[in-house]
1. Under 18 Å from the 7 Å Cα→Cβ point of GLU290, by amide nitrogen: which residues of region 224-245?
2. Along the Cα→Cβ direction, 7 angstrom out, place labels at ARG142 and GLU115. What is the inter-label distance in nm?
3. Report, as a whole number in µm² per second, the diffusion coefficient that Stokes-Einstein gives for the chain at 37 °C and 0.692 mPa s using the Kirkwood radius over alpha carbon pairs.
4. Among the helices of the chain (complete DSSP H runs), which have Cα atoms covering no less than 15 Å along the helix axis and a Kyte-Doolittle mean of at least 0.0?
5. Considering only VAL44, VAL238, VAL274, give the residue with the highest GNM mean-square fluctuation for the chain, with springs between Cα atoms whenever their separation is below 10 Å.
6. Indicate the gyration tensor shape class of region 189-280 (rounded, prolate or oblate), computed on the Cα atoms with a ≥ b ≥ c the square roots of the eigenvalues: a/c under 1.5 is rounded; otherwise a/b larger than b/c is prolate and the rest oblate.
7. Each label point is 7 Å from the Cα along the Cα-to-Cβ direction; what then is the distance between the points at GLN302 and ARG3, in nm?
8. So between SER30 and ASP64, what do we pick up on full extension, going 0.36 nm a residue minus the alpha carbon distance?
Amino acid sequence: MARILTLTLNPALDLTVSLDKLIPGAVNRSLGLTRHAAGKGLNVAQVLADLGHHLTVSGFLGSDNAQPFENLMQARGFADAFIRVPGETRSNIKLAEADGRITDLNGPGLQVEDEHLQSLLDNLIPLVAGHDAIVVAGSLPRGVSTAWFAALVHRLKASGVPLVLDSSGAALQAALPIAPWMIKPNEEELSEVCGSDLSAAVRKLRGQGIEHVVLSRGSAGVDWHGPGIALRAIPPRVEVVSTVGAGDSLLAASLHGLLQGWPAERTLRMATAVAAQAVTQIGFGIHDREQLARLEAAVRLQPL
Ligand SMILES: Nc1ncnc2c1ncn2[C@@H]1O[C@H](COP(=O)(O)OP(=O)(O)OP(=O)(O)O)[C@@H](O)[C@H]1O
Ligand SMILES: O=P(O)(O)OC[C@@]1(O)O[C@H](CO)[C@@H](O)[C@@H]1O
């Protein structure tokens with residue numbers, strides 16, 4: 001199995017509040033609260049670990065509330081390469097309604113100073129060569145400029161290790177010209193940075209050297225454009241508990257199939273099933289192999 005490095009510059013404690021129906025401006029009675037150490041790169045790492053890979057996880061972590069993250073890393077056997085920064089890692093609030101609607105309230109994140117940026121580089125760059133793939137995922141905390149981020153992505157790409165990127169807004173925009181090996185935007189993220197003609201955007205991105213564009217389309221499924229690959233996957237209907245992390249699960253399982261050298265159809269079928277399973281749960285990872293096999297059998301694939 002592969003050694004994979006994930007970078008979560010802006011991790012979060014996900015506080016998921018379950019409630020029947022959200023009425024903004026009213027006193028709402030919740031049904032329950034769950035708390036997970038999370039953030040896109042860490043979520044990806046959990047799915048990859050369940051698929052048998054060895055993980056190193058990096059990014060910035062607030063030293064005042066690092067315990068849940070340290071517990072996760074220890075329980076999962078992740079190599080901890082996070083740089084500690086004074087303060088608290090943000091808490092992101094997810095309001096999960098009974099009909100499956102999710103409202104995200106994501107915080108801005110830690111204040112990162114120049115010394116922490118330097119520590120991250122000093123620590124991360126020597127690690128890169130020992131890995132088979134790098135995943136850079138999520139937003140940027142305060143103090144991390146898009147220019148610094150782009151320079152980092154550039155260095156990671158120059159290492160020659162396959163680089164996967166999942167970000168949004170200005171960070172995504174700044175990193176696209178560097179042409180990561182694979183990107184996984186959702187439709188909204190791609191149209192925000194490339195305009196509303198998504199087919200033209202995908203053609204342009206592929207033309208500038210991005211090998212795999214995995215475009216996630218929520219409950220409508222996934223379009224995957226790659227070398228000799230133009231495939232759409234339509235997931236089976238599932239009972240939605242929380243869509244948080246569905247994109248991370250899709251990315252992780254797609255990377256798994258690619259690293260295993262599987263045919264595109266097998267990879268996309270499995271990744272779509274892993275993502276569909278993710279929406280049936282709060283939290284991250286593959287917990288029910290039988291359900292996964294049933295979901296896989298029910299994924300429909302079409303040429304694009
Ligand atoms: N209701 C659903 N039923 C089945 N599969 C779903 C559903 N919602 C999402 N998925 C699967 O999860 C994938 C990722 O979802 P989405 O496009 O919402 O990603 P995302 O916005 O990056 O998610 P997140 O950032 O919350 O991880 C979709 O491409 C699809 O395969
Ligand atoms: O604010 P970002 O970094 O864009 O996204 C953070 C986040 O919403 O992404 C994950 C789901 O993909 C959650 O665990 C986490 O709270």
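1. Inside the label zone: 239.
2. In this crude spin-label approximation the distance works out to 1.8 nm.
3. 169
4. 40-50, 114-128, 146-158, 246-260, 264-278
5. Between VAL44, VAL238, VAL274, it is VAL238 that shows the largest mean-square fluctuation.
6. It comes out oblate by the Cα gyration axes.
7. 4.3
8. Difference between extended and current length: 9.5 nm.
The values are calculated or read from the model by the stated rules, or taken from the named source; none is laboratory data. No experiment lies behind these values; they were computed from the predicted model shown. Cβ coordinates were reconstructed from backbone atoms using ideal geometry, including for glycine residues, and neighbour counts include every protein chain displayed. When the accessible area is computed, the model is the full protein with side chains, heavy atoms only, and any ligands, DNA or RNA have been set aside. Shrake-Rupley method; radii C 1.70, N 1.55, O 1.52, S 1.80 Å.
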